[in-house]
1. Within the stretch 167-214, how many residues are within 28 Å of Pro66 (Cβ to Cβ) and aliphatic (A, V, I, L, M)?
2. Quickly run through the stretch 98-118 and pick out the residues that are open to solvent by 40 Å² or more (accessible area, probe 1.4 Å) and either more than 10 Å from the ligand (Cβ to nearest atom) or not small (Gly, Ala, Ser) (or both).
3. Would you be able to say whether some residue in the stretch 65-80 is more than 8 Å from the ligand (Cβ to nearest atom), in contact (Cβ under 8 Å) with a residue 24 or more places away in the chain and more than 24 Å from Tyr367 (Cα to Cα)?
4. Sort through Asp308, Asp252 and tell me the only one that's among the charged types (D, E, K, R) and not assigned by TED's automatic domain parsing to the domain that holds Glu188.
5. Just one of the numbered conditions (1) of a type in the set (A, V, I, L, M, F, W, C); (2) crowded, with 21+ Cβ neighbours inside 10 Å; (3) over 29 Å from Phe328 (Cβ atoms) is not true of Ile183; which one?
6. Which condition number in (1) within 16 Å of the ligand (Cβ to nearest atom); (2) farther than 30 Å from Leu318 by Cβ is the one that Leu181 fails?
7. If the requirement is being surrounded by fewer than 16 Cβ atoms within 10 Å (Cβ to Cβ), in contact (Cβ under 8 Å) with a residue 24 or more places away in the chain and in the same structural domain as Thr95 (by TED's automatic domain parsing), which of these qualifies: Glu243, Glu199?
8. Which residues, taken from the stretch 119-139, are away from the ligand (no atom under 15 Å from the Cβ) and in contact with a Cys (Cβ under 8 Å, 6 or more places away or on another chain)?
Amino acid sequence: MADPSSIAPINPARNLADAAVSPVAKSDSQTAVSSAVAKLYDTYPFPPEPMLDEAPPGYNWRWHWPSAYSFCTGRRPQTDKVRILDAGCGTGVGTEYLVHLNFEAEVIGIDLSAGAIAVATERCQRSGANRVTFHNLSIYDVEQVPGEFDLINCVGVLHHMPDPIRGIQALAKKLKPGGILHIFVYAELGRFEIQLTQEAIALLQGNQRGDYKDGVQIGRTLFSTLPDQNRLRKREETRWSMENKRDECFADMYVHPQEIDYNVNTLFDLVEASGLDFVGFSNPQYWDLNRLVGAAPDLMARAAKLSDRDRYRLIEVLDPDLTHYEFFVARPPLEKTDWKNDETLMNAIPERHRCIEGWPSKSFFNYDYQVVSLSDEEFAFMQNCEGDRTVSAALEGTGLDLEGVRVLQSKQLIMLTPVEQ
Ligand SMILES: C[S@@+](CC[C@H](N)C(=O)[O-])C[C@H]1O[C@@H](n2cnc3c(N)ncnc32)[C@H](O)[C@@H]1O
């Protein structure tokens, strides 16, 4: 179990904001903190993305069930008829993608803020995302939603809960065995200037804290008044100001009544307390030590002896611009396939990954919107990946070998369904 004090808020004094009780708070252990959080998002529903009368453009593979499952297990899921929960859905930007990207899924969104739920409902109605229901409910009370889920998405929420361990444990109970949970929480290293700015605004607000509009106005005045070269001002201008043009984003960043920022150690304490298995970070490029010290084989050899947790810690201390963690955890048992066995691979059914843009072409955008270029052999094979034949049949006449198929799978360019023998 994690020691809750080890993941205590950076600035505990900020936790107790005013306690204007909303209907939700009554079912949310009556806590003043949750009331303050609901009030923030009722005032500034987040994210403030415009609504569309059609499906939102593009994709985020983390919200596409087969892609997320394949990333976690190496194999395509057996069914797309799944239940998905967007826990702390805010104004429904992610929820809307979850509905439009997963044609057969039933989606449920819950959020503490009635204001955010109202926006999410309208957003989904307007874009025709109709396989979704919303509830104005706290994650602490998620057991009130019937049934279990194959995929839970919880982005930007746990770090705003007064007791994230209780939050993640409540979500863990709603996962099916073999179900996966995607989490995004803040990292302390890259948010240092944000923490200082938050504290400065809170000090200047004094007993007006909890008046979020006042906090935003103070913050904006601060940034236009501090000297040009001031560290807090420079960080805001160079890193955040584009997204903070909207007051909703500025408020979410600088006047939040409740925020816990993690480091690798406290993050893994949280995961451990959930009872779920850590599967992997969903931005694996950052967690590749090779990009930092790969040019020094001796350092790489030393690092190879570290535990996973220590290696991750090494990476974040070497590259401390990190502002968040995004990762999957799973309720065991989660069956994984590594495709090392030639026969299993030859009999599997390959499909092109759904989250690619620009196909058919030898150069296109991959699941992370990075440009990839295929060899002639890879291109010929991928053209055969229609989900209607085995790897062995799809390889015929292409010049690609099984190792090449493994590479395409590991790069998430194809998905593989094992065929039971
Ligand atoms: C930063 S927003 C993220 C919204 C959405 N997940 C996204 O990424 O676009 C945080 C959301 O979490 C919600 N929230 C905070 N505490 C919660 C809780 N205990 N239960 C449910 N939702 C909560 C807030 O009301 C807010 O809408």
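The values are calculated or read from the model by the stated rules, or taken from the named source; none is laboratory data. Model, not experiment: these values are computed from the prediction. Note that each Cβ is placed from the backbone with ideal geometry, even for glycine, and that neighbours are counted across all protein chains shown. Calculation scope for accessible area: heavy atoms of the full protein, side chains included, ligands and nucleic acids excluded. Shrake-Rupley method; radii C 1.70, N 1.55, O 1.52, S 1.80 Å.
1. Here the count works out to 9.
2. Within the stretch 98-118, the first condition is being open to solvent by 40 Å² or more (accessible area, probe 1.4 Å), and the residues that meet it are 100, 103-104, 106, 114, 118.
Of everything in the stretch 98-118, those that are open to solvent by 40 Å² or more (accessible area, probe 1.4 Å) and either more than 10 Å from the ligand (Cβ to nearest atom) or not small (Gly, Ala, Ser) (or both) turn out to be His100, Phe103, Glu104, Glu106, Ala118.
3. no
4. On the way: Asp252 fails: not assigned by TED's automatic domain parsing to the domain that holds Glu188.
Answer to the check: Asp308.
5. (3)
6. (2)
7. Working: Glu243 fails: in contact (Cβ under 8 Å) with a residue 24 or more places away in the chain.
The match here is Glu199.
8. Asn130
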